[in-house]
Each structure stands twice: as structure tokens, then as C-alpha cells.
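S.K.: Structure provided below as C-alpha cells; questions to follow.
Read the figures in this text as sums done on the coordinates, not as results from a lab. Every value quoted in this text rests on a predicted model; they were computed, and no experiment measured them. In this analysis, Cβ positions are derived from the backbone assuming ideal geometry, glycine residues included, and neighbour counts consider all displayed protein chains.
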Amino acid sequence: MRKEVNGEKFIQADDLVFINENNICHIPSTLWNKVDFEDLEKDIKLVTKDELSLFDKTSETIYLINDLDKKSLDELYNLKEELKKQSVEFSKDKTIMSITQKIRRESILSYKIKSISKFIQLKQSNSYLYELNPEIKKYFTILSKKFPDWLLEYINTPALKRLGDISQNCGTDYTKCAPIKYYYSVLDHSVGVALIIWRFTHDRAQTLAGLFHDISTPAFKHCVDFMNGDLLKQESTEEQTEAFIKNSKEIMSLLKRDRIKLEDVSDYKKYPIADNELPKLSADRLEYGFSAGLTEGVMELSDIEKAYNDISILTNELGNKELGFKSVNVATSYIDKVSRLWPIWISDTNKTVMQFYADILRSMISSGYLTKEELYTLGEKDIMQRILTCEDTYLSASFYKFLNATKVYRTDKYLEDVYCVKVNPKKRYVDPLIMIHDKAIRISDISSKALESINNILNMEYDGYTYMNVDFTPYKNGFEYEKK
């Protein structure tokens, strides 16, 4: 809808973005509801045109939802005139006001835009997408060329945003002995799973079940499974999924609005595309293989795109739907890449680091410095800070040494005066389907190399101890040391 003020045409309920030759300048979500935008330069996000393919219309624009009154239109006109005084010429097309003069980034950021919120009401927050690592943005465009805008309202609920403060890598990325390319959160993983499900089903209930599958994940993720003694299945924290959804008034309100039943989204295991038993391929396993491939430096985006574009829904030997490959060569290449991750996930470093987190958390809880409930309310960095500043200097000093340790060692016997453990965790691998002559069979049945990779991980055993040069013995009850 267009209106005229002083002979100038203005665009109503359409896009309002400032564009230079290469960038689009978005007003950040953190400032959307504020009366004054005094100092935008430190908050404005610049998104390159190449990245816009990630966003659909709701995220690449600022919406004017309500009709603008005469006063608001005058303010908009005055803003335009003020910018024109700074030698910035505007031209208008159907939906946007674009800066036609080539200007530097610093010029855009120097504008002091005041009182815009008096007449701009925004349709939806997309801060999660704006803040993504550039490689993750590109990765998400591979999983779903068009991001489903309806999913963003669910992502931006407190119950889901909490997962952004939990590492998908179970806290190993905070240490010096397990270097990872960049931080990848449980929220990122959950969104990735949802995008895969959406790509293959376009079913909202299944997609939300995938998005919610880790909603009850505590800080340090599977380290809490270690703390609970669930090393082999690592599912001890999944039982609360329905309760977490049900206790989120924001999610329940959205589900009611979208006419989706709680029972249809609270257990993603009921959907074989989302999850199934090892070693079958599912959206969950596909995603954490892809994302770990990126963060561990095992895969490039091109590897992921090649594998992903070859995947379709097949029917397995039990008559159930399952994700699988159409090409033997692509499937073999995928196994070659993803199988490099399998030994990393049960490596001496990973299992020792995860067990240390489990033991330090249990010691903090048994000593009264932390509660089990806080594992579900605090972010990992908040908990780490609490440990480091704990009144118990034995715990705080041990944790500091742990974070700065650079290596994990092996030993055939238990050692005193170091952190020494024996851990045998869950083995993760896949044996995906491949379509051969109109029949789906396992890749291990036709590829000797794939079979060898699978057998290697299944036969990988170490019955000895691993240790770090940290003098720490976990507490059992209160301040009593646990006997080995």
C-alpha cells in the first residue's frame, strides 16, 4: 500500500532496508522494541548478498505491519531528508528504498537513527539466523534451500534458545586437548535435524519433533549421561522431552495455534526419518555426522552437498522408511569421510574429557555448590564460571588445570595423583542403504571398504586406563573422596 506525503510516495507494509553495493543493513532484533536507537554502529549486522539465499522474505526484510499515521509518515520523510543531506541519494522500486550511491560501511554505521520504533513494528525476530557462523549459514542452505519461516517462532522460544548455550560437542571444545574448528550448539544441531526432516517430509509435526528431540538436554550434554552411568546408550536425559515441551507456555501456545498435538511432537523416535536404531541412517545421525565433519575438519561443504543431494527416502529390509543413497560412489565417499569421525567420538581424549566433566559436576552437586536442576537452567559457561570461583579451592583448582591440560595419556594400570579413569562409551556409526537395481541394500553388503570401516569401529577396544595430569579425585558424598 502506498501513501503520499509532500508529494512523495511511501511504501507501506513492505520492505524497508538500506542497501549499498554489497551489503544489506538490518536493524538488530535486540533493539527492535526500544524507543531510541541511539548508537547502532556496534549492533548493526551486515549480511552479504550471497548469504541472502538462506533467508526467506520474513528474514531479509523489516516489516511495517500496521498502517502508518500521518505523523509517522512525516517522521519517515524527515529521516529520508536527513540522510539525503549526507549526500546519500535514494531511489525507489516496488518494495525497497535502496542507496544508489556507493558508500563505505562506516558511513552506514554512523547514522544515528532515532525513534524509528515509533512507527516500525516488526513481524518476527530472526536473531538466531543473523548470529550464525557464516559456514553454518551455508550449511543450512544445503539442508534446506529456503529456510521455513514458520520454524523461527519455535526456535526463538526460551526453551529452545537455552540450547544455544550447550555445546553439541559435550564441552570438549572448551578444553585445550580437544581442539575443534568452531563452536556448534545443541540448538544448531536441533535446527539442522529439523531442516533435514522438513526437506524430506514437509510435515510440520515431524519437523517439530526433530527440533524438540534435544529440548531436555542438560548442560554438557552426554557428560550427564556419563554422570548417570549411562555410557552405552546415552539416553538418560531424553525421558523429560515431553515435560519440557509441556512446561513451555510459548511452545504450547504455538502448537495450539498451529493445531498440532503435543503427542505428535514429543517423541521423534516414532518417525523413522527422524530417528531409528543403529546402524540405520536418520536425520539425527546424518546431521551430527555432517556438522561434526565440519567442526572436526573432516568434511567440506562440498562433501556435504554432494552426499545430501544423493539422499532419498528408501524402504529398508523391515519395510520401514529410511534415508538412503541413490549412488554407490556417493555413498562410498560419504562413508569414507564420516567413518573418520567414529574413532574420534570414542577416542581417549573425548571419553576422558567427558568423564572428567561428569565427575566434576557430580562433585559440585554432592558438595552443594550446584543442583541437578541447574544443569537444565544454566548455560555451560555459567556453570564453568561457578566451578572456577567455587569456595572449594580443590574443585576450582582441579577444574582450572583440566581446562588447560593439553594431552590425555594411556596406562595399563591405575595411577595415583592424576585423574585416571577407565571408560568404554557408546560407539556411533552408520551402515546406510543404497539403491541397487530397484532394491535397497546396506552399503556394507556391496562395499568391502565400507564393511572394513564398520568392523574397525566395532572391534576397536581398549581395556586399559586413560589419564590427565590433573590431581583430582571425584567426591562421592559431600567432601568424602570416592574410592577407586
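S.K.: Going through the range 239-347, which chymotrypsin sites (Phe, Trp or Tyr not before Pro) have at most 15 other Cβ atoms within 10 Å and a DSSP loop state?
M.R.: Within the range 239-347, no chymotrypsin sites (Phe, Trp or Tyr not before Pro) qualify (loop, at most 15 other Cβ atoms within 10 Å).
S.K.: With a point put 7 Å past each Cα toward its Cβ, work out how far Lys372 is from Lys249 in nm, to one decimal.
M.R.: In this crude spin-label approximation the distance works out to 2.7 nm.
S.K.: Quick check: net charge around Ser339, other residues with Cβ under 11 Å of its Cβ, Lys/Arg +1 and Asp/Glu -1?
M.R.: On the way: positive: Lys337, Arg340, Arg428, Lys449; negative: Asp336, Asp431, Glu452.
Charge balance near Ser339 sits at +1.
S.K.: Students often get this wrong, so check it: of Lys145/Lys246; Lys145/Lys326; Lys137/Lys321, which have C-alpha atoms separated by over 23 Å?
M.R.: Details: Lys145/Lys246 31 Å; Lys145/Lys326 20 Å; Lys137/Lys321 29 Å.
From the list (Lys145/Lys246; Lys145/Lys326; Lys137/Lys321), the Cα-Cα distance tops 23 Å for Lys145/Lys246; Lys137/Lys321.
S.K.: What ³J(HN,Hα) values, in whole Hz, does the Karplus curve 6.51 cos²θ - 1.76 cosθ + 1.60 give for the range 154-171 when θ = phi - 60°, with x put for Gly and Pro?
M.R.: 3J(HN,Hα) across the range 154-171, in whole Hz: 6, 4, 8, 7, x, 4, 7, 4, 4, 5, x, 9, 10, 6, 5, 8, 6, x.
S.K.: Could you put Val421, Val353 in order, starting from the residue whose Cβ has the fewest other Cβ atoms within 10 Å?
M.R.: On the way: Val421 18, Val353 27.
If I rank by nearby Cβ atoms, fewest first, I get Val421, Val353.
S.K.: Restricting to DSSP loop positions (anything but H, G, I, E, B) with no more than 12 other Cβ atoms inside 10 Å of their own Cβ, which trypsin sites (Lys or Arg not before Pro) remain in the range 402-454?
M.R.: Details: sites: Lys407, Arg410, Lys413, Lys422, Lys426, Lys427, Arg428, Lys439, Arg442, Lys449; in loops: Lys407, Lys413, Lys422, Lys426, Lys427, Arg428.
Qualifying residues, ordered by number: Lys407, Lys413.
S.K.: Now for a separate question. Starting from the range 378-484, pick out the GluC sites (Glu not before Pro) whose DSSP state is loop and whose Cβ has at most 14 other Cβ atoms within 10 Å. If you can, show how the numbers build up before the last one.
M.R.: Working: sites: Glu380, Glu391, Glu416, Glu452, Glu461, Glu480, Glu482; in loops: Glu391, Glu416, Glu461, Glu482.
Passing both the DSSP loop test and the Cβ count: Glu391, Glu416, Glu461, Glu482.
S.K.: For each of His437, His213, count neighbouring Cβ atoms within 10 Å of the residue's Cβ, then give the residues from fewest to most.
M.R.: Details: His437 5, His213 26.
Arranged by neighbour count, lowest to highest, His437, His213 become His437, His213.
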